[in-house]
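Report on the structure given below.
Every number in this text was worked out from the coordinates using simple rules, so none of it is lab data. This is a predicted model, so every value here is computed, not measured. Cβ atoms come from the backbone with ideal geometry, glycine included; neighbour counts cover every protein chain shown.
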Amino acid sequence: MEQKPVVLITGASRGIGRSIALEFGKNDYTVIVNFLKEKEKALSVAETIVKNGGRARVLAADVSEAGAVKTLVSDIEANEGRLDVLVNNAGLTKHRSIVKMSDDEWGKVIATDLSGPFYVIRECAPFMARNKGGAIINMGSILGFRGAFGTANYAGAKAGLVGLTKSAAIELGRFNVRVNMVLPGFHLTDMGTGASDKYVEKARLDSVLGVTTDLDEFARFVVFLSQAKTVSGQVFNFDSRIL
């Protein structure tokens, strides 16, 4: 029996990560559901995939810790023998104005949202290269281009992720590893519902269609992009707010 392709999704216990994990499960992937704190939610994602005829495993790791990421990828290599797709989705927000932002609020967001993807790419890239290819998709944000009041840490991390995405694409293209970024738009997930009513309304008003992004539609796009064989180094704005 041919082995299923394997996808690792960081921060897959809820929100955007959960939807992406379920969509990959529907497309006959072995889904590695990474989480940090919410084990029950991660198990629920895996159980849903299995109930629908797929295969999933749950692995805990803090992507902001280089050692934890190394252990995570070593587990996948030892038990799966392949990794076809990486989705760097794990993210953290701690909104505060620059003059009031603490070192901890700055550092933790940068560590998770920028250093985290770097650590995971660094560990996964050689593994993918040995298997002659793969796809890496980094979860960006429109704030990495626009910025916003109180988001210097988050917007700064996402802006940095643009450069990381393009540099990784240049370096890894010779190994047939494609690296792209997607801007998911605004969703009323756990993170989105923490936004103020004013911000939610502005997201709708900024959309040329007057709507927020459909999460299931976005998940289908991520799977499609992971399978595109001749696309790398690009940033896709899956949103109707114009940059």
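Worth a mention:
- For segment 1-108: rounded, prolate or oblate by the Cα gyration tensor [a/c cutoff 1.5]: prolate
- Each stretch of four or more DSSP H residues adds -39500 (n - 2.57); spread over every residue of the chain, this sum gives -14500 deg cm²/dmol at 222 nm.
- Set of lysines near Lys70 by C-alpha distance (under 21 Å), chain-local residues within fewer than 8 positions excluded: Lys37, Lys39, Lys108, Lys132
- Extension gain from Asp103 to Lys51, taking 0.36 nm per residue of separation minus the Cα-Cα distance: 14.3 nm
- Over segment 6-234: Rg over Rh, Cα atoms, Kirkwood Rh: 0.95
- Neighbour-count ranking [beta-carbon atoms within 10 angstrom, fewest first] of Ile20, Ile110: Ile110, Ile20
- DSSP-defined antiparallel bridges as percent of all bridges, the chain, nearest 5: 5
- q = 0.20, 0.24 Å⁻¹: log10 I(q)/I(0) that the Debye formula gives for segment 108-163, counting C-alpha atoms only: -0.71, -0.88
- On Cα atoms only, tilt of 66-80 relative to the major axis of the chain in degrees: 40
- Modelled label reach - Val231, point 7 Å along Cα→Cβ, segment 119-147 residues with backbone N closer than 15 Å: 135-140
- Whole-number percent relative contact order across segment 78-140, with pairs defined as alpha carbons under 8 Å at least 6 apart: 59
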